[in-house]
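Single-structure report; data block below.
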Amino acid sequence: MNKIIKYVITDILRNKIVLIYTVFLLAASFSVFSLEDNSSKGLLSLLNVILIVVPLVSIIFSTIYMYNSAEFIELLVSQPLKRNTIWLSLFTGLASSLSIAFLIGAGIPVLIYQANLVGFTMILTGVLLSIIFAAIAFLATVQTRDKAKGIGAAIMLWLYFSLLFDGLVLFILFQFADYPMENAMIGLSALNPIDLSRILILLQLDVSAMMGYTGAVFKDFFGASNGLIFSFFVLLSWIVIPVWYSTHKFNSKDL
Amino acid sequence: MIQLKNISKHFGKLKALDGVTTICEKSECIALIGPNGCGKTTLIKTILGMVVPDSGSITFKGDNILKHWQYRDQIGYMPQMGRYPDNMTIGQVLGMMKDIRGKSEGLDEDLIKAFSVQNLLDKRMGTLSGGTIQKVSAALAFLFNPSVLILDEPTAGLDPVASELFKEKILAEKDKGKLVLITSHILSDLDDLVTRIIYMQDGKLIFHKSIEELRQDTGEERLVKSIAQVMISNYE
C-alpha cells in the first residue's frame with residue numbers, strides 16, 4: 001500500500017498544480033492578514049476564501065486526476081494487488097497531498113498571526129474539507145466512466161454545496177415558516193460539509209451576524225462545545241461514507 | 001491450470017460472454033480466435049479479475065479466483081493497448097512494477113535486451129510510439145517469470161524483427177512448461193506457435209481443439225486456411 005501512495009504523491013508533485021495551489025493559498029493568507037489591522041478580522045476574511053477555494057480545488061483536481069489515472073489503475077488491477085489497496089492508496093495519496101498543500105499554504109500564516117483555538121479549528125476544518133471533497137470526487141469518478149460527465153458532476157456538486165444549498169435552506173425555511181423548524185435545520189446543516197465547517201469556526205468566533213440561520217440555531221441548540229463535537233463527527237462521516245461506498249463500488253467495477 | 005465454468009457477462013444488453021466453459025493446461029500455447037467483438041478480450045479480462053463475471057466460476061490451479069488477488073503474481077499480462085501513466089519514464093515504470101511485485105532477483109530480462117529497451121529508459125511513456133509501448137508491455141509481461149502468459153494481440157504493433165524475436169521467446173517459454181494464451185488476428189503469426197485453438201463467436205465458445213484435430217476436421221494444412229473455412233461457415 002505504501003508503495004502505491006509513494007508513486008501517487010511523486011506523480012502529483014511532478015504535476016505542479018498542487019504546488020501552484022499551495023503558493024496561491026500562501027499569497028492569499030498573507031495578504032488577507034496584512035490588509036486587516038485586526039488579525040481576527042483577517043481570519044474571518046480568510047475563512048470565506050477557504051470555504052470557496054478549498055472544496056473547489058479539491059474536488060476538481062481529484063476528479064481530473066482520477067480520470068487521468070485510468071490507465072494507471074488498469075495497470076495496477078492486472079497486478080497481484082487487492083482492489084481495496086489500490087483504491088485506498090490512491091485516496092490516501094491524493095487526500096494527503098491536498099491536505100499538506102493546505103497545511104503549508106494556509107496553516108503556516110494562520111499559525112503566525114492567530115495561533116489560538118480558533119486558528120487551530122480553522123486549520124483542522126480546512127484539512128477536513130480537503131479530504132471530504134477528495135472523497136466526494138472519488139464517488140463521482142467511480143460512478144461514471146465518461147470524463148465529461150464525471151467532471152460535470154463534480155462541478156455541480158461543488159455548486160450545490162457552496163451556493164445552492166443555502167438557497168434551498170432559505171426556501172424550505174420560508175415555506176414552513178409557521179412550524180418549529182429548529183431541529184430540522186440542524187439535521188439539514190449536517191447535509192452540507194461546507195455549511196458545517198462555517199458553523200464550526202463561527203461558533204468559536206462569536207460573530208452571530210455571520211452565522212446564517214443554521215448557525216444561530218446550532219449555537220442555541222448545542223452550546224459551543226457540544227456543537228463542536230457534533231459537527232466534527234458529522235464531518236468525519238462525510239469522509240468515511242463516500243470512501244466506503246466508492247471502495248465498495250470499485251471492487252466490482254469492470255475495467 | 002485454468003478452469004472456466006459457465007462464465008457469462010453482460011454489458012448492458014450486449015452479451016459479451018455466454019456460458020463459456022473450458023480448461024487450459026500447462027505447456028500449451030492456446031490461441032483465442034474469433035471475429036471482432038466476439039468476447040476474446042473480455043474472457044481474458046475475467047481471468048485477470050479486471051472484469052467480474054455475472055455468473056460462473058474460474059479456478060486457477062484449483063483455487064477460485066473470485067475476491068482473490070495473489071494468483072495474479074503468477075500471470076504475466078500484455079494488454080491489447082498498453083496504457084501507462086504519461087508522466088513516468090520507461091525506467092520508472094519498470095522500477096515501479098518490480099517494487100509492486102516485490103521481486104528484484106531472478107528476473108527474465110531477455111526481452112528488455114532483445115528489444116533494446118534499456119537504451120530508452122529515460123523516455124517518458126507519453127512520448128513513445130505504439131510499437132515501443134508494445135515492446136515495453138511485452139517485456140513487462142515476461143519480466144517476472146510467470147507460469148501463465150496472457151498476450152492480447154501481442155504482435156499487432158511490432159516490427160518484423162521484434163515480432164520474430166518475440167515469437168522465439170514465446171516458444172521457449174512454452175517449452176519450459178508455461179501456459180501461453182494468445183489472441184491475434186494475424187493467423188500467419190500463430191501458425192508455428194500454437195498447439196490448441198479456442199474459437200469464439202458472439203460470446204460463445206464454438207470449439208476448443210488441438211491444432212492436429214483442426215487440420216483433420218478441415219482438411220487444410222495451414223492454420224490460415226482452416227480458420228478461414230471455420231469463419232466463413234459461421235459468418236452471417
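Below are the figures for this structure:
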| read-out | value |
| --- | --- |
| Cα pair distances exceeding 37 angstrom across the protein assembly as shown, given as percent | 42 percent |
| Percent of Cα-Cα distances greater than 16 Å, calculated over region B:99-144 | 39 percent |
| Amide H within-cut-off set for residue B:16, under 5 Å, with H built and near neighbours excluded | B:9, B:10, B:11 |
| Between region A:8-54 and region B:165-183, the alpha-carbon center distance in angstrom | 56 Å |
| For chain B, the fraction of alpha-carbon pairs in successive 5 Å shells from zero, as % | 1, 6, 14, 18, 19, 17, 13, 8, 3, 1, 0 |
| Descending principal axes extents, region A:62-193, alpha-carbon based, whole Å | 60, 41, 24 |
| With eigenvalues of the C-alpha gyration tensor scaled by 5 and rooted, region B:141-209, Å | 21, 16, 11 |
| For chain A: rounded, prolate or oblate by the Cα gyration tensor [a/c cutoff 1.5] | oblate |
| Under the span-like rule (Cα at least 24 Å along the axis, Kyte-Doolittle mean at least -1.0), DSSP H helices of chain A | A:17-35, A:39-68, A:83-102, A:117-143, A:212-251 |
| Alpha carbon centroid spacing (whole Å) that separates region B:87-114 from region A:130-178 | 42 Å |
| Of the trypsin sites (Lys or Arg not before Pro) in region A:1-110, those whose Cβ has at most 10 other Cβ within 10 Å and which sit in DSSP loop | A:16 |
| Assigned charges on the beta-carbon of Lys, Arg, Asp, Glu; the protein assembly as shown dipole about Cα centre (debye) | 380 debye |
| Solvent-free Debye scattering, log10 I(q)/I(0), computed from the Cα coordinates of region B:197-236 at q = 0.18, 0.35 Å⁻¹ | -0.45, -1.27 |
| Chain B: angle of helix B:160-175 to the longest principal axis, Cα-based, in degrees nearest 10 | 70 degrees |
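Read-outs: derived from the displayed coordinates by stated rules, not from any lab. Everything numeric in this text was worked out from a predicted model, so none of it was measured. Heads up, the Cβs are rebuilt from the backbone with ideal geometry, glycines too, and the neighbour counts pull from every protein chain shown.
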